[in-house]
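Each remark here refers to the structure printed beneath this line.
The values are calculated or read from the model by the stated rules, or taken from the named source; none is laboratory data. Source: prediction; values computed, not measured. Here the Cβ positions follow ideal geometry from the backbone for every residue, glycine too, while neighbour counts run over all protein chains shown. Side chains are part of the model used for accessible areas, which takes the heavy atoms of the whole protein and leaves out ligands, DNA and RNA. Shrake-Rupley method; radii C 1.70, N 1.55, O 1.52, S 1.80 Å.
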There are 4 protein chains.
Amino acid sequence: MKVIADIAIIPIGVGVSLSKYIAVCERVLIEAGLEPNLHANGTNVEGEWDVVFTALKGCHEILHEMGAPRVSTNMRIGTRIDRPQSMQDKIDSVKQKL
Amino acid sequence: MKVIADIAIIPIGVGVSLSKYIAVCERVLIEAGLEPNLHANGTNVEGEWDVVFTALKGCHEILHEMGAPRVSTNMRIGTRIDRPQSMQDKIDSVKQKL
Amino acid sequence: MKVIADIAIIPIGVGVSLSKYIAVCERVLIEAGLEPNLHANGTNVEGEWDVVFTALKGCHEILHEMGAPRVSTNMRIGTRIDRPQSMQDKIDSVKQKL
Amino acid sequence: MKVIADIAIIPIGVGVSLSKYIAVCERVLIEAGLEPNLHANGTNVEGEWDVVFTALKGCHEILHEMGAPRVSTNMRIGTRIDRPQSMQDKIDSVKQKL
């Protein structure tokens, strides 16, 4: 099952600057073979369900190893079975109607 | 790794009444050995990471089998390594300060 | 326009224990005339749109006044015009189908 | 108070194709003077708190007028008072560390 997801990860208890941690999670996603598309409030990924969620687990684990006592993620997860659809398809579909 | 999570699942393309689908997902969570705590905008679960996410995958799969062409989940995911904490601990901790 | 919402607020840069801040936000919601229903990963409220969002702004403002340099909220917001529905109705509707 | 937000809006009960509704909400945000940055799972905006939330209310209202009986939004909302920060600053800050 393919999934398109949006991951917003917040390490808690490591101060106010979080970008170092976000960057490490991006690298975890890339090493999982995903092509994360970073935006101002999260990062988009698309891929097989198990690949995406194994990578997310890796993000939580590595942020804890870096010293974050708590890690909080907000995630949007979309699956569809009626037809194939990429992240770019979703964007294009809206932009054509603007 | 233990996780406390909040799952809000929306089947898309099945009309306006979603409770039948939410109920089926609750049952998937229960059959996974979790004790979901349903609230007005989602359901809380706590357990081992892999148990929670395997159950979530089961929710998406069964909603597709029930005829939902698209399924969208919003999920809050929390892990912590500084100390054990249950869902009830989290609630109690706030209520003591009210 | 009535809204049913779920608010999960995270002050960033104030250490690992957040319950003091969550409790203050609960009080802001109560003082706005709302009856927040706290759960393990957020709090549910129902009311007029402007009341809910004015209260949420008050939460961000008071957490900043308490010293949080950053405040991050994840919110689920639901409106419907086909029929009146309370938070309890939503829960009952699912539970009847379990 | 400035806010950086990420809005993911789902009209419920209007079938499986949602892009027409998303496009209308983008236009509401643009007409509010915001510069929404659409991505595969939502749209990012930055601006004054009241401008952003008045526009979001407009999105819910117009989607109901278009026939959606229910509208569900998931929103990430960030405020900070320690220093000014734009959406592009947030992205650049992570990318510099990749």
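Taking the protein heavy atoms of chain A in the context of the full set of protein chains, the accessible area attributed to carbon and sulfur is 50 percent at 1.4 Å.
Seen from B:Val71, the other residues with C-beta closer than 13 Å to its C-beta sum to a net charge of +2, counting Lys and Arg as +1 and Asp and Glu as -1. Counting only other chain Cβ atoms within 10 Å of each residue's Cβ, the peptide D:49-60 averages 3.
Taking Cβ atoms as reference points and 10 Å as the exclusive limit, the residues near A:Thr54 contribute a net charge of -2, counting Lys and Arg as +1 and Asp and Glu as -1.
Rounded to the nearest 10 degrees, what's the angle between the helix B:19-31 long axis and the longest principal axis of chain B, both from Cα atoms, 0 to 90? Computed tilt is about 50 degrees. Given R₀ = 30 Å, what would the calculated FRET efficiency be for B:Gln85 paired with C:Gln85, taking r from the Cβ atoms and rounding to 0.05? The pair B:Gln85/C:Gln85 has a calculated efficiency of 0.35.
Averaged over its residues, chain D has an accessible area of 40 Å² per residue, based on protein heavy atoms and a 1.4 Å probe. Beta bridges assigned by DSSP with both partners in chain D are antiparallel in approximately 100 percent of cases.
Radius of gyration (Cα atoms) of chain B, expressed as a multiple of 2.2 N^0.38 Å: 1.15. What pairs from A:Lys20/D:Lys57; B:Lys57/C:Lys90; A:Lys97/B:Lys20; B:Lys57/C:Lys97; C:Lys57/D:Lys95 go past 26 Å between their alpha carbons? Table pairs above 26 Å Cα-Cα are A:Lys20/D:Lys57; A:Lys97/B:Lys20; C:Lys57/D:Lys95.
In the range B:1-17, burial by the other protein chains removes 30 Å² or more of accessible area from B:Met1, B:Ile10, B:Ile12, B:Val16, compared with the chain on its own (1.4 Å probe, ligands and nucleic acids ignored).
Using a 1.4 Å probe over protein heavy atoms, the accessible area lost on pairing B with A, summed over both chains, comes to approximately 2100 Å². Across all directions, the average flat footprint of the convex hull enclosing the Cα atoms of the protein assembly as shown is 16.8 nm². With K and R counted +1 and D and E -1, the other residues having a Cβ less than 15 Å from that of D:Leu98 yield a net charge of +1.
Could I get the Rg over Rh figure for the range C:49-98? Both from C-alpha atoms, Rh via Kirkwood, rounded to two places.
1.16
As an equivalent ellipsoid, the range D:1-46 spans semi-axes of 21, 11, 9 angstrom, where each value is the square root of five times an eigenvalue of the C-alpha gyration tensor, largest first.
Computed 3J(HN,Hα) for the range C:52-66, one whole-Hz value per residue from the Karplus formula 6.51 cos²θ - 1.76 cosθ + 1.60 where θ = phi - 60°, is 4, 7, 5, 5, 4, 4, x, 4, 4, 4, 6, 5, 5, 4, 6, glycine and proline marked x.
For the range C:25-39, a reduction of at least 30 Å² in accessible area between the chain on its own and the assembled protein chains (probe 1.4 Å) is found at C:Arg27, C:Leu38, C:His39.
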